[in-house]
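Student: This is the structure, below, for whatever I ask next.
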Amino acid sequence: MVGEDNIPDNKPLVFAPNHQNALSDPMALVLHLAHQPVWLARADIFGQSKIVDAILRFMKILPVYRIRDGIGNLEKNDATFNTSVKILENNASLALFPEAAHTGKRQVKEHKKAVPRIVFMAEEKSGGQLDIQIIPTGIHYSHYWKFNRVLLVNLGQPVKVKDFYDLYLTDAQAGIKKLKEAIYEATLPLIVNFKSKQYYDIFERILKIYGPRFLKRSGLKHTHGHLFKTDQVLANRLDQMESEKPEATGKMVERVKGYHQKLKKHQLKNRVVKPGNKCLLPLMGNALLLVFTLPLFLYGLVFNALPFFLIDRYVRTRVKDVVFWSSYILVASMVLFPLFYLLQFWAISAWVQDLRLAFLMVVSWPFMGKLAFNWYILWRKTSGQFNFYRIKWFNKSLFNWLIAEKQAIYQLLDEHLKPADFK
């Protein structure tokens, strides 16, 4: 988390994060905050299952009804909003998504009126004495649903409701609109945001392919925080290029598409496509490490595979909306992994006479599961590098095309995109 010092003490707070990843977004914020805010969320996430409802209640989430939930249900919002006002009056905190819908993309949607409406209701009830602070929040995932990826939570400077309260008293709609716009503008520096609709998918691909090079051109060390900053600039540069140089953008997009399709066809990652005669010692070292740690991988796999693959299979085949994948994985993992660990403990206790040893085995399973996953990632990277060397040795024409095309794409992007300047 970045920007914790932007949270004021002894003030009623409203956290206003962007919304890209269903239930994972509130979890991302809750797990980073010292205190748990009360959340407002769309009502249709309730009633899907008893387990999900129990988790929603545990996370202190209140339902907000929309027209699509039925006209007759809209009056239920009065109770939710009145509860929200009481929470703020008690100097506690709320959290709700100004967009009122998740996107599954690095694109912020238009903000709705819920946040301004609630905070103005609370201020009006107190005669403008609460001094509510809205904390614009940016939640950034390196990947939305894959395990063991980077999560960054950015907290911005508070937006003070009292700065808009006089306008609200004079013209309520103008005050709501002005505050809504202020929250939106305060959110943009905290996220990676693409404006492009036509080229969104390929711009995301360019972020992966060209992002590390753009970081290096900008003179920054490779850290998650620095990569986030340069990705922000790169996204803006790509949007600007599309607007100002549409023809050059179209040609660049086609080249990147062709390069990516070739990588996908031959099961390669962009990071392994490198010219020159690289030393094979690090690669051989990784291969030996994989061989020597294979027993640890198998141990971690055996005691974690069943719940892991059951969850993965269910989510991929039954959950149609990819945006909900991480949420289902999170909920199912919280239930199934402890359950399977208990069943496995019961099974091995019949074979292992020393209960202390059996207990130590149970404690080791989550850690060995993580080790097994890291082993698998190293195996994927190592096999990908071997695959590239195989192409280099036995398919010279493909090797030369990949090297030349990658360099051509880099040169094209270097020409059109100025590096970030943080001085």
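The values are calculated or read from the model by the stated rules, or taken from the named source; none is laboratory data. Predicted model, so just to flag it, every value in this text is computed and none were measured. Heads up, the Cβs are rebuilt from the backbone with ideal geometry, glycines too, and the neighbour counts pull from every protein chain shown.
Student: Can you tell me which of Val256, Val272, Val233 is surrounded by 15 or more Cβ atoms within 10 Å (Cβ to Cβ) and within 17 Å of Gln411 (Cβ to Cβ)? First the steps, then the outcome.
Tutor: On the way: Val272 fails: within 17 Å of Gln411 (Cβ to Cβ); Val233 fails: within 17 Å of Gln411 (Cβ to Cβ).
Selected residue: Val256, the only one of Val256, Val272, Val233 that is surrounded by 15 or more Cβ atoms within 10 Å (Cβ to Cβ) and within 17 Å of Gln411 (Cβ to Cβ).
Student: At negative phi and buried (at least 20 other Cβ atoms within 10 Å of the Cβ): is that true of Asn21 in this structure? Outline the logic, then answer.
Tutor: On the way: at negative phi: yes; buried (at least 20 other Cβ atoms within 10 Å of the Cβ): yes.
The answer is yes for Asn21.
Student: Can you name the number of the only condition in (1) loosely packed, with under 13 Cβ neighbours inside 10 Å; (2) touching a helix residue (DSSP H, G or I) at 6+ places or on another chain (Cβ under 9 Å); (3) hydrophobic (A, V, I, L, M, F, W, C); (4) modelled with pLDDT of 80 or more that Ala100 fails?
Tutor: (1)
Student: Can you confirm whether region 75-86 contains a residue that is of a type in the set (Phe, Trp, Tyr), crowded, with 16+ Cβ neighbours inside 10 Å, in a helix (DSSP H, G or I) and free of Cβ contacts under 8 Å to residues at least 60 places away in the same chain? Show your work before the answer.
Tutor: To start, the set of residues in region 75-86 that are of a type in the set (Phe, Trp, Tyr) comprises 81.
Retained after the next criterion (residues that are crowded, with 16+ Cβ neighbours inside 10 Å): 81.
Pick out the ones that are also in a helix (DSSP H, G or I) and you get 81.
Next cut, free of Cβ contacts under 8 Å to residues at least 60 places away in the same chain only: 81.
Among the residues of region 75-86, at least one is of a type in the set (Phe, Trp, Tyr), crowded, with 16+ Cβ neighbours inside 10 Å, in a helix (DSSP H, G or I) and free of Cβ contacts under 8 Å to residues at least 60 places away in the same chain, which makes the answer yes.
Student: While we're here: Answer yes or no as to whether Ala22 is part of a loop (DSSP other than H, G, I, E, B) and either not polar (S, T, N, Q) or not assigned by TED's automatic domain parsing to the domain that holds Arg106 (or both).
Tutor: Numbers: part of a loop (DSSP other than H, G, I, E, B): yes; either not polar (S, T, N, Q) or not assigned by TED's automatic domain parsing to the domain that holds Arg106 (or both): yes.
Yes; evaluated as a whole, the condition is true for this residue.
Student: Any idea which residue in region 351-361 is modelled with the lowest pLDDT, counting only those that are assigned to a helix (DSSP H, G or I) and aliphatic (A, V, I, L, M)?
Tutor: Residues of region 351-361 that are assigned to a helix (DSSP H, G or I), as a first pass: 355-361.
Still in the list and also aliphatic (A, V, I, L, M): 355, 357-358, 360-361.
Details: Leu355: 80, Leu357: 87, Ala358: 85, Leu360: 90, Met361: 91.
Filtering first and then ranking leaves Leu355.
Student: Show the residue pairs that are 6+ apart or on different chains and have beta-carbon atoms under 9 Å apart, the first residue being within region 39-60 and at pLDDT 70 or above, the second being among the basic types (Lys, Arg) and part of a helix (DSSP H, G or I).
Tutor: Hits for this filter: Ala43/Lys76; Asp44/Arg68.
Student: Next question. When you scan region 370-390, how many residues do you find that are closer than 21 Å to Gln267 by Cα and buried (at least 18 other Cβ atoms within 10 Å of the Cβ)?
Tutor: Looking only at that region, the number is 4.
Student: Looking only at region 114-145, count how many residues are outside any strand (DSSP E or B), in contact with a Lys or Arg (Cβ under 8 Å, 6 or more places away or on another chain) and under 19 Å from Leu13 (Cβ atoms).
Tutor: Of the residues in region 114-145, the ones outside any strand (DSSP E or B) are 114-132, 142-145.
Narrowing further to those that are in contact with a Lys or Arg (Cβ under 8 Å, 6 or more places away or on another chain): 115-116, 123, 128, 131-132, 142-143.
Retained after the next criterion (residues that are under 19 Å from Leu13 (Cβ atoms)): 115-116, 123, 128, 131-132.
The number of residues fulfilling the criteria is 6.
Here is a yes/no grid of residues against (1) surrounded by 17 or more Cβ atoms within 10 Å (Cβ to Cβ); (2) free of Cβ contacts under 8 Å to residues at least 24 places away in the same chain; (3) assigned by TED's automatic domain parsing to the domain that holds Ile45; (4) of a type in the set (A, V, I, L, M, F, W, C):
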site: Leu288; (1), (2), (3), (4): no, yes, no, yes
site: Arg313; (1), (2), (3), (4): no, yes, no, no
site: Thr317; (1), (2), (3), (4): no, yes, no, no
site: Val323; (1), (2), (3), (4): yes, no, no, yes
site: Ser326; (1), (2), (3), (4): yes, no, no, no
site: Pro338; (1), (2), (3), (4): no, yes, no, no
